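Let me begin by presenting the structure, written as structure tokens, before commenting on it.
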Amino acid sequence: QAQVVESGGGLVQPGGSLRLSCAASGSSFRGNAMGWYRQAPGKERELVARFTSAFSTNYADSVKGRFIISRDNNKNTVYLQMNSLKPEDTAVYYCNAQAGSTWVFSWGQGTQVTVSS
């Protein structure tokens, strides 16, 4: 199965910003379906933001107005710009794409984001 590699996480203070990157296997890149997901300790993985078509996106209510998903199809890379970070954004962030009921990529190791003062 195709793979992705997430990067860009780290420790940031509340109110700070981070930019995550996800590089995907070239032939499997799904620019119109790539998305970011996160999993906090003791919680299930949840959608953060994703592309639903070439020009449409949707965001979890908790990140609307703060996070922005973007992509570079030439680099097979999807990004997540995270602004005004809150402690509740602390989680491991993953990227993937859905094709119907299946995932296109094997889940990567993710990138840890910790928001703390």
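The numbers here are math on the coordinates, done by the rules we state, and not lab data. Since the model is a prediction, treat every value here as computed from it, not as a measurement. A quick note on method: Cβ atoms are made from the backbone with ideal geometry, for glycine too, and the neighbour counts reach across all protein chains shown.
Please compute the contact order of the chain in relative form: average sequence separation of alpha-carbon pairs under 8 Å and at least six residues apart, divided by the residue count, as a percent.
Working: 282 pairs, mean separation 44.3, N = 117.
For the chain, the relative contact order is 38 percent.
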Here the stretch 10-22 yields Karplus 3J(HN,Hα) values (6.51, -1.76, 1.60; θ = phi - 60°; whole Hz; Gly and Pro given as x) of x, 9, 9, 7, x, x, x, 10, 9, 10, 8, 10, 9
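Evaluate 2.2 N^0.38 Å with N set to the residue count of the stretch 54-117, then give the Cα radius of gyration divided by it.
Values: Rg = 13.2 Å, N = 64, 2.2 N^0.38 = 10.7 Å.
It is 1.24.
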Report ³J(HN,Hα) in whole Hz for each residue of the stretch 27-38, in order, from the Karplus equation J = 6.51 cos²θ - 1.76 cosθ + 1.60 where θ = phi - 60°; Gly and Pro get x.
-> 6, 9, 4, 10, x, 7, 9, 5, x, 10, 10, 9
So which aspartates and glutamates pass the test for LYS86, namely a Cα distance under 18 Å, with those fewer than 8 places away in the same chain ruled out?
-> GLU46, ASP61
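What order do you get for 73-80, 53-60, 84-91, 102-109 when each peptide is scored by the mean count of other beta carbon atoms within 10 Å, highest first?
Numbers: 73-80: 17.9, 53-60: 11.2, 84-91: 16.2, 102-109: 14.6.
Descending mean neighbour count gives 73-80, 84-91, 102-109, 53-60.
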If you add up the charges near MET34, with Lys and Arg at +1 and Asp and Glu at -1, over every other residue whose beta carbon is less than 9 angstrom from its beta carbon, what do you get?
-> +3
How long is the stretch 1-89 along each principal axis, judged by its Cα atoms, biggest number first, in Å?
-> 37, 24, 23
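Tell me the net charge near ASN96. Cut-off is 13 Å between Cβ atoms, ASN96 excluded, with +1 for each Lys or Arg and -1 for each Asp or Glu. Mind dumping the intermediate values first?
Values: positive: ARG30, ARG38, ARG45, ARG50; negative: GLU6, GLU46.
My count for the surroundings of ASN96 gives +2.
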